[in-house]
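Trainee: Have a look at the structure that comes next, please.
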Amino acid sequence: MCAAQAEVAGSPGAGRVRGSSGSLGSERPQAEAMVLCRVPRWSVGLWASPGWWRTTCTLRALVQPKRGPGCPGGASGLLACSMFSKVSSCTPEVMLTQERYPVQRLPFSVVSEEDLAAFERIVPGRVVTDPEELEVSNVDWLRTARGCSKVLLRPRTSEEVSRILRYCHERNLAVNPQGGNTGLVGGSVPVFDEIILSTALMNQVTSFNSVSGILTCQAGCVLEGLSRYVQERDFVMPLDLGAKGSCHIGGNVATNAGGLRFLRYGSLHGTVLGLEVVLADGTVLDCLTSLRKDNTGYDLKQLFIGSEGTLGVITAVSILCPPRPKAVNVAFLGCPGFAEVLQTFSTCRGMLGEILSAFEFMDAECMQLVQQHLHLASPVQESAFYLLVETSGSSTGHDAEKLGCFLEQVLGSGLVTDGTDGTVATDESKAQALWALRERITEALSGDGYVYKYDVSLPVERLYDLVTDLRARLGSQARHVVGYGHLGDGNLHLNVTVDAFSAALLDTMEPYVYAWTAGQRGSISAEHGLGFRKRDALRYSKPPPAVRLMQQLKALLDPKGILNPYKLLPTQA
């Protein structure tokens, strides 16, 4: 029997620890809001990886004479896709993507015994064909997408990646690049039997310049490990995610991940200085510069940031790391309405200016789910909306004074109706508790049933209107319709929970959500990417000429279409 449900404990952010090691202030400012004055929360975070349950569950492969419509070869073959019809004896079976969605397998070759022998020569001892080991890599974190790949390869160097892709290109074998497999749009797992190319063993730091803060590393380095590495040198990574304990920096770049530090440090399009990428035919593109300025022709690295592994496999990254802030303050507040949330944000930007590093919001239903499923306590009285405000700077006294003035202003004007019963936190557990309320929402939602997830960018003044409209549209069909996210950069996470997946309910929401977003000139994907699930909705955010140019770039760099097929680009007739 399983110790717990995979959907809950496997969440990006589940059980994550937000640590601090600095002393905390002791004065009580007049504003009645909890302010955590501490050394930066950039320290160690812990969460259970998507495959945690393999350590507590006994897996079994039930090989039956059955194959899905997209699984090539006979069921009696050594690598028959039927092996993946039922694998775990203690977790709910995940329906094959090819059975849940209308998708047809493209005419790629099927992995043969000769292919396996060739791969063994390229990466000896690192060719995985055991269905139990493959199960974790075939299923996405949300457990809503599942492929039937029969082989996973674990290269250690870009040269090995080059040899693998050169061979696959010649043999017309489809390849699914995979990092930490923490994606939420089905982009990191196979749709059919694509070869999984894992970067997990490409986990070495190549160099770090302690003057410039420029880090160069392999693509398989886990974000949390890199965070610790640069923290020890008094720097921080420019991005921070709930999934930092498992996600890889290469995957972060390939999906142009946003996260909690976007407001302060911007996107990876600005902080990534160089990339090493292996193209579909095995060509190694070395653009791994560590220069801040290089105005010589096309900035090719930008093509691969956010390309989701469809144009090339990122094997190394050069990234600019900012200095570690000397002082970080956090406040958790309650607001009576979204209009007040917006006014608080405007006041916050005006009064906190350069030290504002995060402005997160969540609605009342999010808080209810966090309390119900995770048994976390709210530090403020019941409110319609909740805010988490963070500042980071170089002067404790200066930052605390600015934050104190801001809190007095918003509390005194009625924009914020409640802070907490305390004013200054003096222990690490309270700091962790505040961030857990925001970061573990995904985990709480997973405990509420099947979750439909949307990640959109909208003008901030319309950000919550979509939640209100969809809640009215669905009525009793949904258990909960909730909204939370990064208000500071206009990113809404819209989530709908129901008892079980329903195609009819999906038809009610799509394309409604996408059309609504397009009507506000928003983006249907703010930070999660398009992957498999959103590829056919690309037209809601990009005009036809832009989509055609993307398809032409794909055809130029990957003429056979072997890299992460069925992802990002819309289905073509």
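The values are calculated or read from the model by the stated rules, or taken from the named source; none is laboratory data. Since this is a predicted model, take the numbers as computed values, not measurements. For neighbour counting, all protein chains shown are included, and Cβ atoms are generated from backbone atoms with ideal geometry for every residue, glycine included. Remember, those area values only see protein heavy atoms, side chains included, never the ligands or the DNA or RNA. Shrake-Rupley method; radii C 1.70, N 1.55, O 1.52, S 1.80 Å.
Trainee: Report the local net charge at GLY251: Lys and Arg +1, Asp and Glu -1, summed over other residues whose C-beta lies under 14 Å from its C-beta.
Mentor: Values: positive: LYS244, LYS567; negative: ASP140, GLU224, GLU308, GLU527.
For residues surrounding GLY251, the net value is -2.
Trainee: Can you tell me how much longer the chain between ARG100 and ASP234 gets when fully stretched, taken as 0.36 nm per residue apart minus their C-alpha distance, in nm with one decimal?
Mentor: Working: separation 134, 0.36 × 134 = 48.24 nm, distance 4.79 nm.
Between ARG100 and ASP234, full extension yields an extra 43.5 nm.
Trainee: Anything over 27 Å Cα to Cα? Flag those among LYS301/LYS560; LYS150/LYS453; LYS293/LYS453, in the order listed. Please list the in-between numbers first.
Mentor: Values: LYS301/LYS560 22 Å; LYS150/LYS453 29 Å; LYS293/LYS453 38 Å.
Cα-Cα > 27 Å for LYS150/LYS453; LYS293/LYS453; rest within.
Trainee: Another question, if that's okay. Just the number please: accessible area per residue for the range 136-268, 1.4 Å probe, all protein chains included, in Å².
Mentor: Values: 3620 Å² over 133 residues.
With all protein chains present, the range 136-268 gives 27 Å² per residue.
Trainee: Still on this structure, please answer the following. List, in order, the whole-Hz ³J(HN,Hα) value for each residue of the range 380-397 obtained from phi through the Karplus relation with A = 6.51, B = -1.76, C = 1.60 and θ = phi - 60°; use x for Gly and Pro.
Mentor: Going residue by residue, I get 10, 5, 4, 9, 6, 9, 10, 10, 10, 10, 10, 10, 8, x, 10, 10, 4, x Hz, with x marking Gly and Pro.
Trainee: Continuing with the same structure: Counting only the heavy atoms of the protein chains, how much of THR289 is accessible to a 1.4 Å probe, in Å² to the nearest 10?
Mentor: Its accessible surface works out to 40 Å², give or take rounding.
Trainee: Now a separate question. Any idea which of VAL451, TYR514, PHE532 is furthest toward the positive side of the dipole for the range 449-541, if Lys and Arg beta-carbons carry +1 and Asp and Glu beta-carbons -1?
Mentor: PHE532
Trainee: Within the set of other residues whose C-beta is less than 13 Å from the C-beta of GLY180, count the net charge using Lys and Arg as +1 and Asp and Glu as -1.
Mentor: Working: positive: LYS244; negative: ASP140, GLU224.
Result for the local shell: -1.
Trainee: Give me the net charge of MET509's neighbourhood, meaning all other residues with Cβ under 13 Å from the Cβ of MET509; Lys, Arg count +1, Asp, Glu -1. Don't jump to the answer; show the numbers that get you there.
Mentor: Details: positive: LYS453, ARG471, ARG473, ARG533, LYS534; negative: ASP469, ASP507, GLU510.
That works out to +2.
Trainee: To the nearest 10 square angstrom, how much accessible area does HIS398 have with a 1.4 angstrom probe?
Mentor: 80
Trainee: Follow-up question, since we're still on this one. For the range 341-415 and the range 167-210, what is the separation of their Cα centres, given in Å?
Mentor: Taking the Cα centre of each part, the range 341-415 and the range 167-210 sit 38 Å apart.
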